[in-house]
Every structure is written in C-alpha cells, then in structure tokens.
Amino acid sequence: MRQLIAGNWKMNGTAAMAADLVGALAAAGELPCDLLVCPPATLIAEVARLLTGSTVAVGGQDCHARPSGAHTGDIAAPMLRDAGATWVILGHSERRADHGETNEVVYAKVLAAVAAGLTPIVCVGETEAESQAGQQAAVVAGQLSGSLPEDFAGAVAYEPIWAIGTGKTPTEADVTAMHALIRGRLKELLGPTGERILILYGGSVKPENAAALLALPEVGGALVGGASLKAADFLAIAAAAQA
Ligand code: PEP
C-alpha cells in the first residue's frame, strides 16, 4: 500500500492562497505516495475544481453525525461529498478539545462519513500529562475501541497532542512502539481488515524529520498541519515517503 501524505490546513486559507498551493501540488509530477489536502470547508469545492484531473485527493476536516438538518454552522458528510471531498478527518484533537468531541461522537461521525461515501481518518493521541504519566497506550487503545465501528475501513492518525504545532516529536522508538500497539489493537477490533488500515503519524512533521518518521515500521504516511501550507515543504515531505 502506498503511503498517504495528508495536509490539514485547519482554519487557514483564502481562494488566492489555495490556487497557488494546489497549483504547485497538481504540477508536482510523479511522487512515491498518495497526496490529500484538507482545506477549510469554504474552499473544498474550489480546491476540488482546481484538482480536477490530478491524483491529489480532497478531504474535509470534520463532518456532523447527521446527514442534514437544523445544525447551524455545521457541515454534513453528504455536503462534503457533494463539494468534491472523498476523505474526512474526524476526531482531531482540536475538535475533541474545542468542541468537546467524545469517542461516541467520533464513532457517530465515522458512520455518517462512510454512509456519504467518504473515507475517514480518525485521529487519536495522548496529552502531554497523559504521556508523562505513562498512560499513552491506555488512552490510545480506549480512543480506538470507542471511536471505530467494527467494520471500519478508513485510516487512523496517531497524533500525540503535545507534538502538534510545537516542533516537538516523540522519539523514533516511541513512534514505533505506539504504531505497533495501534496495529495490534486494530487487528483485535477489526480482524483481518486491521492489517490493512493505514496508520499515519502526525505532529510537527516537516521536511527535516519526514524521511526518518516515514521509514519507521507501521507508519503508513503522515498527517501534516503547519508544513502543509507551503507547497515546497509539503512536497518535500511527500518526496520523503517510502516508495
Ligand atoms: C495536525 O494538526 O494534524 C498536525 C499534525 O499539525 P502540525 O503538523 O502543525 O503539528
């Protein structure tokens, strides 16, 4: 399976910025991985239009658990699909922290995403305090069993919260250990499908550390925040993927 390099633009981006960034990605030529960009909802349709005919996929950063209705300010999964998205990030730590999203909420969103034809990337990861208390394995195992339905067929992103946007990353040994743990848990929860789920690493991935992180066992790609906003950095990360 090819590695997936996914860019999470978060609450950043204008039409002009998207045209420049996506234009550079579409022109990049052959890469050793698959590419996905997840712009804010306002730009999904435009980015999908700009990427028509390219292999770069488009995703949302969240969706509601209901397919439509009276939920002011929210975006439903069928609306993302209608705008041209084929993926959606769910349960990002910023959603869990800023919007109180529990594992149960994430689970319901996964079902909604799949029903709309989207592939979910479910984010898991421990806080700094949980890491210092040695609780990361239990926290991540609980997030996986609480957030994933038993027929889950999307991707998982391991994102230690203390590594997001901080420039800090876990040691290679810690990433290896956590990805092995996640793989084991996925096999327990999903059976043989658990062997094939891509497990992305996320948290301060940059051109300087991408090759080392992407070469680790069970790392199936990267979820990239800050560095996905600069085409040169995002493409340098993609070029570091394992062919
Ligand atoms: C993220 O928010 O998913 C992320 C990994 O951010 P950054 O790369 O900026 O740490």
query: Which of Gly91, Pro120, Val139 sits farthest toward the positive end of the charge dipole of the stretch 77-185, with +1 on the Cβ of Lys and Arg and -1 on the Cβ of Asp and Glu?
result: Pro120
query: Using +1 on the beta carbon of Lys and Arg, -1 on that of Asp and Glu, and nothing else charged, what's the dipole of the stretch 1-92 about the Cα centre, debye to 20?
result: 140
field: Sorted by Cβ density within 10 Å, fewest first, the residues Met178, Met17
entry: Met17, Met178
message: Taking only complete DSSP H runs, can you tell me which helices of the chain stretch 30 Å or more along their own long axis by Cα positions and average at least 1.6 on the Kyte-Doolittle scale?
response: none
query: How big is the Kirkwood radius of the stretch 29-167, worked out from every pair of different alpha carbons and given in Å to one decimal?
result: 15.8
task: Would you calculate a helix-derived [θ] at 222 nm for the chain, using -39,500 (n - 2.57) for each DSSP H run of n ≥ 4 and dividing by the full residue count, to the nearest 500?
output: -12000 deg cm²/dmol
- prompt: In the chain, what % of DSSP beta bridges are antiparallel (nearest 5)?
  reply: 0
- line: Expected sort for Ser54, Ser204 with the fewest Cβ neighbours (10 Å cutoff) up front is Ser54, Ser204
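Arranged by the count of other C-beta atoms within 10 angstrom, fewest first, what order do His92, His99, His179 take?
Ordered by Cβ neighbours within 10 Å, fewest first: His99, His179, His92.
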task: Please get the size of the charge dipole for the chain, origin at its Cα centre, with Cβ charges of +1 on Lys and Arg and -1 on Asp and Glu, quoted in debye to the nearest 20.
output: 320
- request: State, as an integer percentage, the relative contact order of the chain based on alpha-carbon contacts under 8 Å between residues 6 or more apart.
  value: 21
task: With label points built 7 Å along Cα→Cβ from the Cα atoms of Ala243 and His99, find their separation and express it in nm.
output: 4.0
message: Given the C-alpha atoms of the stretch 117-243, compute the convex hull and give its volume per residue in Å³.
response: 108
field: Whole-angstrom gap from the stretch 18-52 to the stretch 151-205, using each part's C-alpha centre
entry: 24
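Each reported figure results from applying straightforward, stated rules to the coordinates on display, with no laboratory input. Model, not experiment: these values are computed from the prediction. In this analysis, Cβ positions are derived from the backbone assuming ideal geometry, glycine residues included, and neighbour counts consider all displayed protein chains.
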